[in-house]
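Written below as structure tokens is the structure these notes are about.
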Amino acid sequence: MKKHHELIMTSTHDPEYLPLVIERAVGVWLVDVDENVYLDFTSSVAVNNLGYPTHPDVARAVSEQLSILAHAAGTDFYNPYQVSLAELLVSIAPGGFGKKVFFSNSGTEANEAAIKIARYSTNRKYFLSFIGSFHGRTMGSLGLTASKPVHKKRFYMWMPGVFHVPYPNPYRNPWGIDGYEHPDELVGRVLDYIEYWVFEHQVPADEVAAIFFEPIQGEGGYVVPPRNFFQQLKKLADKYGILLADDEVQMGMGRTGKMFAVEHFGVSPDIITLAKALGAGVIPLGATIFRKDLDPEPGAHSNTFGGHALAAVAAIKSIEITGKLLPHVAELEKLFFERLAPLKEKYPKVGDVRGLGLAWGIEFVKDRRTKEHDAKTRNRVVYEALRRGLVLLGCGKSSIRLIPPLVITEEQAKIGLDIFEEAVKAAH
């Protein structure tokens, strides 16, 4: 750990609450340099959805491909592996319209491509994004991000032209609405805010290129909006000819029990971005899926490594395996709900529990009435869980995300949930 901090640019490590040095991993288990074994409820930030070190079918496919072709510039030459992956993504992405794909190396790159596609195709300047959103840390996507001030500290100016609006967070929103009891009222307030406070006061609607969103906000706290929100948002976007750009980087690839999280909400975005688990924890890979009619002219955007053969083969196998796991994830959702929901009644600092599939957020507060964030208790839960053999990650200002690999068994999930409650109790 000392050498790490001496040699490596460190942006998120917390040695006080998460002093974990991982040497190897197998299945859903992490092993540190002292041979301690931990159950993983992080999937390495939603990357190792298929477990560790990687799914054997993915490893086999990648190993075979290494002896054939690892990289040939897919942006200058043609390779069949890239085309096969694009064909597969187009076939499973929501929406009946024709689509194309741009490949990159990460989620922030996928969103940078989405920004350029939206601007180029509409010839409009501006974007809307949501407070609490996370779309990356490069200078374009950073303009869209609005989850923590530290992401933007000392980096101005990032991409200009982004207007941030409240996200329909049922638990915590500017109007004090209980969005679980009154979802329609909450959705209405957000849409009214966009139309009145943004379009009538700050920016012409006909100059907005796209609205970027996460179906479930990730770094913002694993916030699940009311189920009808995106349908209503699409109506508003269509009214003004604005594109919808869906960031599935953390929630896509089966995390919520569907291949794309937006499928829970019944809309077809114009642009979809993927990364993280797409490469099965083996190859960094991002993808931007978009309506065919939005395609910029040749040379308008490109990169070096996007869609190389090795990444394409890993992703094809990853999608195939993930598709078979979706019923399993949906089944485990019931277990997580049954075990996590009662924590709100048992422990006074648990303010909210929300989630879908194997994506759950638990928010900690100092007082349920004031909802003041309690990061100290959240961090203590992370530490107490680690001491008991469970690895967790925080998110938002005072939340913890529970995102185990999709291959976790019911028995393993119960072990993790038992430890999690023990840690919550100890922190209290």
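Looking at the range 59-146, what helices (runs of 4 or more DSSP H) fall wholly within it and have at least 2 residues that are under 21 Å from GLU207 (Cβ atoms) and not aliphatic (A, V, I, L, M)? First the steps, then the outcome.
Details: elements: 80-92, 107-122, 139-144.
Hits in the range 59-146: 107-122, 139-144.
Contact map, the range 293-307: first residue hydrophobic (A, V, I, L, M, F, W, C), second residue in a loop (DSSP other than H, G, I, E, B), Cβ cut-off under 8 Å, separation 6 or more or different chains; pairs are LEU294/ASP270; PHE305/HIS71; PHE305/ASN105. Of all residues in the range 225-271 being of a type in the set (Gly, Ala, Ser) and crowded, with 24+ Cβ neighbours inside 10 Å, which is farthest from ARG189 (Cα to Cα)? Result: GLY254. Checked against (1) touching a helix residue (DSSP H, G or I) at 6+ places or on another chain (Cβ under 9 Å); (2) surrounded by fewer than 22 Cβ atoms within 10 Å (Cβ to Cβ); (3) touching a residue at least 24 places away in the same chain (Cβ under 8 Å), LYS366 passes all but a single condition, namely (3).
Taking the criterion of being in contact (Cβ under 8 Å) with a residue 60 or more places away in the chain and over 26 Å from GLY279 (Cα atoms), the only residue of the range 20-44 that qualifies is ASN36. Among the listed residues LYS317, LYS366, LYS371, identify the single one that is at pLDDT 95 or above, in the same structural domain as ASN36 (by TED's automatic domain parsing) and touching a His at 6+ places or on another chain (Cβ under 8 Å). The match here is LYS366. The set of residues from the range 42-57 being among the hydroxyl-bearing types (Ser, Thr, Tyr) and either under 11 Å from GLN250 (Cα atoms) or at pLDDT 95 or above (or both) comprises THR42, SER43, SER44, TYR52.
Within the range 97-143, if we keep just the residues that are surrounded by fewer than 20 Cβ atoms within 10 Å (Cβ to Cβ) and touching a Ser or Thr at 6+ places or on another chain (Cβ under 7 Å), the residue that is farthest from VAL47 (Cα to Cα) turns out to be THR138.
The set of residues in the range 389-428 that are surrounded by 19 or more Cβ atoms within 10 Å (Cβ to Cβ), of a type in the set (Val, Ile, Thr) and assigned to a helix (DSSP H, G or I) comprises ILE419, VAL424.
The residue of the range 253-268 that is nearest to the chain's Cα centre (by Cα), among those that are aliphatic (A, V, I, L, M) and part of a loop (DSSP other than H, G, I, E, B), is MET253.
If you go through the range 59-92 and keep only what is over 17 Å from ILE289 (Cα atoms), crowded, with 18+ Cβ neighbours inside 10 Å and either out of contact with any Leu (no Cβ under 6 Å at 6 or more places or on another chain) or hydrophobic (A, V, I, L, M, F, W, C) (or both), you end up with ALA61, VAL62.
Candidates in the range 1-20 are the residues that are of a type in the set (Asp, Glu) and in a loop (DSSP other than H, G, I, E, B); of these, the one that is surrounded by the most Cβ atoms within 10 Å (Cβ to Cβ) is ASP14.
Pairs are defined by a Cβ separation below 8 Å, a sequence spacing of at least 6 or placement on different chains, a first member in the range 69-83 that is in contact (Cβ under 8 Å) with a residue 60 or more places away in the chain, and a second member that is hydroxyl-bearing (Ser, Thr, Tyr); the pairs so defined are LEU69/TYR81; ALA73/THR304; THR75/SER302; THR75/THR304.
The set of residues in the range 21-54 that are surrounded by 16 or more Cβ atoms within 10 Å (Cβ to Cβ) and of a type in the set (A, V, I, L, M) comprises ALA25, VAL28, LEU30, LEU39, VAL45, ALA46, VAL47, LEU50.
When LYS371 is tested against (1) in contact with a strand residue (DSSP E or B) (Cβ under 6 Å, 6 or more places away or on another chain); (2) outside any loop (DSSP other than H, G, I, E, B); (3) more than 11 Å from ARG401 (Cα to Cα), exactly one condition is not met: (2).
The set of residues from the range 280-296 being crowded, with 24+ Cβ neighbours inside 10 Å and modelled with pLDDT of 95 or more comprises LEU285, GLY286, ALA287, THR288, ILE289, PHE290.
Could you check, for the range 1-13, whether at least one of its residues is aliphatic (A, V, I, L, M) and either in the same structural domain as ALA311 (by TED's automatic domain parsing) or touching a residue at least 12 places away in the same chain (Cβ under 8 Å) (or both)? Full working, then the answer.
Narrowing the range 1-13 to residues aliphatic (A, V, I, L, M): 1, 7-9.
In the following step, the residues that additionally are either in the same structural domain as ALA311 (by TED's automatic domain parsing) or touching a residue at least 12 places away in the same chain (Cβ under 8 Å) (or both) were identified as 1.
For the range 1-13, residues aliphatic (A, V, I, L, M) and either in the same structural domain as ALA311 (by TED's automatic domain parsing) or touching a residue at least 12 places away in the same chain (Cβ under 8 Å) (or both): present.
Given the condition of a type in the set (D, E, K, R) and closer than 23 Å to ILE177 by Cβ, answer yes or no: does some residue in the range 231-243 qualify? First the steps, then the outcome.
Start the filter on the range 231-243 by keeping residues that are of a type in the set (D, E, K, R), which leaves 234-235, 238-239.
From what is left, the residues that are closer than 23 Å to ILE177 by Cβ are 234-235.
Scanning the range 231-243 turns up at least one residue that is of a type in the set (D, E, K, R) and closer than 23 Å to ILE177 by Cβ.
Residues in the range 269-299 that are more than 17 Å from ALA209 (Cα to Cα) and in a loop (DSSP other than H, G, I, E, B): ALA275, ALA280, GLY281, VAL282, ILE283, PRO284, LEU285, GLU297, PRO298, GLY299. Please go through the range 25-40 and pick out each residue that is among the aliphatic types (A, V, I, L, M) and part of a strand (DSSP E or B). Of everything in the range 25-40, those that are among the aliphatic types (A, V, I, L, M) and part of a strand (DSSP E or B) turn out to be ALA25, VAL26, LEU30, VAL31, VAL37, LEU39.
The values are calculated or read from the model by the stated rules, or taken from the named source; none is laboratory data. Given the structure is predicted, the values throughout are model-derived calculations rather than measurements. As a convention, Cβ positions derive from the backbone with ideal geometry for all residues, glycine included, and neighbour counts pool all protein chains shown.
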